[in-house]
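Working notes for the structure below.
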Amino acid sequence: MAFIPHTEEDIAQMLAEIGVDDIEDLFSEIPAGLKAAALEGVPAAVPEMAITRTMRELAARDGSPLSFLGGGAYEHHIPAAVWEVTTRGEFYSAYTPYQAEASQGTLQLIYEFQSMITALTALDVSNASLYDGASALAEAGLMAIRANRKSKSATVLVPRSVNPRYLRVAESIAGNQGVTFATIDFDPETGTTPLSALASWADKDVTALVVPQPNFFGRYEDVDGLTDWAHAQGALAIGLVNPTSLALLKPPGEWGGQGADIACGEGQPLGVPLSSGGPYLGFMACKKAFVRQMPGRIVGRTVDLDGKSGFTLTLQAREQHIRRSKATSNICTNQGLVMTAATIYMSLLGASGLARVAAASCSNTSALVDALSALDGVESVFSGAGFHEAVLRLDRPVQPVLDALAQRDILGGIDLGPEFPELGRCMLICATETKTDEDIRHYARALADILQQAQVA
């Protein structure tokens, strides 16, 4: 039964009270030329069965391509239990718990998420997530400026080996707030940021240095050296990390002599489907000394007057509903759903399971690089070890090759030329634990055939 809030008598009484004859009179100030007489192009209503068929046909157009894309969003296996639990009504409809005492289940879940993030990053405290990895980097830059009061420059150094989309988002969010993001070149041999590239910034006022691990090219940066350099300059070190990689790699809290001060990244690999680009979740952790400058929700564990364990929101004085324009940030997090999925995913896999996922991803990417670089006209670009992404150079423009692969239902990689002119004819490839040996062989056969056909033509 449809819910109709007002009867015709109710509407007539309200219109008489405000002195108009018709509801349309309330919109008289809108020029007639701006009003749509009808919704053109919207078809007439159809039965549910028909529209269901139509939607399935539209969805089928996307097909089921074999994906070797990376660049910040990754195809990992998600156990069925993750979203079966996440979409239960208790979680599915949950939102920011403003009345903490009435939201103990939600608060405990957030607390568990924060505990897992601090365990992964080896830092003291975590928030309840941000919108995504790119906005998390922007917030980390703003946080560093608030935390590093000795610095007056509001300058954050960002290696060019950082995801270029992250940098654009950070500049869009924080650039208008007085933050300067200065880029640092990478070594063309290794694809990493050498300490020598920072020489021109020695003895200058630097607020923070972003340290990606692994970087956008899948390479491992010298995190110890970069972190120590930042601290020697009086700057903060911001670790930009892939959470899956932290199951194998040294966590940010242990980088260098003092550890990174802030860590952030994209949580999509933790049980969140690709979903055409979102919603995702950014995570952030930091040292205890900077907790009051951290944006977003933080849940703490306490004991009530009866000695029973409970959970509560802490440090709310930093937030916009109390501090208004003086809040640390205007974010409100996405803790109600996506964070829930990430928590359940990490709980199901555990430390050993996450390590197996990371190890399998590394192994598959290494096998993929070996298979593709064995082809004529294909070579691996950067030396040294890496995670589950790598850069290959072709002997011809990349985009036509990727288009040809797409025609064969293979998403072969990302053309790096538009973002990195020095990497023209190069592409970024990725293989996670979801790829089999046959998947890799299939890609190699398809690429070999495309390259050979182009030579014949």
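Data table
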{"read-out": "Student exercise, the chain dipole from Lys, Arg, Asp, Glu Cβ charges, in Debye to nearest 20", "value": "1460 debye"}
{"read-out": "Residue pairs, from the table Lys204/Lys250; Lys150/Lys288; Lys152/Lys250; Lys287/Lys326; Lys288/Lys326; Lys150/Lys287, whose Cα atoms sit over 25 Å apart", "value": "Lys204/Lys250; Lys152/Lys250"}
{"read-out": "Sum of side-chain charges, Val162 neighbourhood, beta-carbon under 14 Å (Lys, Arg +1; Asp, Glu -1)", "value": "-2"}
{"read-out": "Residue (of Leu375, Thr312, Ser347) at the positive-pole extreme of segment 220-375, dipole from beta-carbon charges", "value": "Thr312"}
{"read-out": "Contact order relative to length of segment 97-171, as percent, for alpha carbon pairs under 8 angstrom and 6 or more apart", "value": "26 percent"}
{"read-out": "Positive minus negative residues near Gln213 (Lys, Arg vs Asp, Glu; Cβ under 14 Å)", "value": "-4"}
{"read-out": "Computed over the chain: relative contact order in percent, which uses C-alpha pairs under 8 Å that are six or more apart", "value": "20 percent"}
{"read-out": "Extension reserve of the Glu189-Val20 stretch, reckoned as 0.36 nm per residue once the Cα distance is removed", "value": "53.4 nm"}
{"read-out": "Ranked packing of 261-269, 71-79, 199-207, 148-156, most packed first, by mean Cβ within 10 Å", "value": "261-269, 71-79, 148-156, 199-207"}
{"read-out": "Per residue Cα convex hull volume in Å³ - calculated over the chain", "value": "238 Å³"}
{"read-out": "Straight-distance crosslink candidates among aspartates and glutamates, where the alpha carbon sits under 16 Å from Lys435 and sequence neighbours closer than 8 are dropped", "value": "Glu75, Asp370, Glu389, Asp409"}
{"read-out": "Trypsin sites (Lys or Arg not before Pro) lying in DSSP loop within segment 210-308, provided at most 13 other Cβ fall within 10 Å", "value": "Lys308"}
{"read-out": "Magnitude of the charge dipole, segment 333-457, Cβ model with Lys/Arg +1 and Asp/Glu -1, debye to 20", "value": "200 debye"}
{"read-out": "Dipole of the chain, positive end: most advanced residue of Tyr443, Val391, Gly225 [Cβ charges, Cα centre]", "value": "Gly225"}
{"read-out": "Amide H within-cut-off set for Leu236, under 5 Å, with H built and near neighbours excluded", "value": "Ala208, Leu209"}
{"read-out": "Per-residue ³J(HN,Hα) for segment 207-220, Karplus 6.51 cos²θ - 1.76 cosθ + 1.60, θ = phi - 60°, Hz, x for Gly and Pro", "value": "7, 7, 10, 7, 10, x, 7, x, 7, 4, 8, x, 8, 8"}
{"read-out": "Residues in segment 258-299 that a label on Arg61 would reach, taking backbone N under 20 Å of a point 7 Å out along Cα→Cβ", "value": "275-278"}
{"read-out": "DSSP bridge orientation in segment 80-344 - percent antiparallel, rounded to nearest 5", "value": "45 percent"}
{"read-out": "Debye-sum result for segment 80-344 in log10 I(q)/I(0), which assumes one identical scatterer on each alpha carbon, at q = 0.09, 0.14 Å⁻¹", "value": "-0.39, -0.93"}
{"read-out": "Nitroxide proxy distance, nm - points 7 Å out along Cα→Cβ at Thr54 and Gln453", "value": "3.5 nm"}
{"read-out": "For peptides 244-252, 403-411, 21-29, sequence by mean Cβ density within 10 Å, most packed first", "value": "244-252, 403-411, 21-29"}
{"read-out": "Cβ-derived FRET efficiency at R0 45 Å, Ser275 paired with Glu101, nearest 0.05", "value": "0.85"}
{"read-out": "Sequence-distant residues sharing a close amide H with Gly413 (under 5 Å, placed H)", "value": "Phe68"}
{"read-out": "Column: log10 I(q)/I(0), Debye, Cα scatterers of segment 268-392, q = 0.10, 0.21 Å⁻¹", "value": "-0.56, -1.24"}
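No value in this document is a laboratory result; all are computed from the given coordinates. This structure is a prediction, so every number in the text was calculated from the model and none was measured. Neighbour counts run over all protein chains shown; Cβ positions are idealised from the backbone, glycine included.
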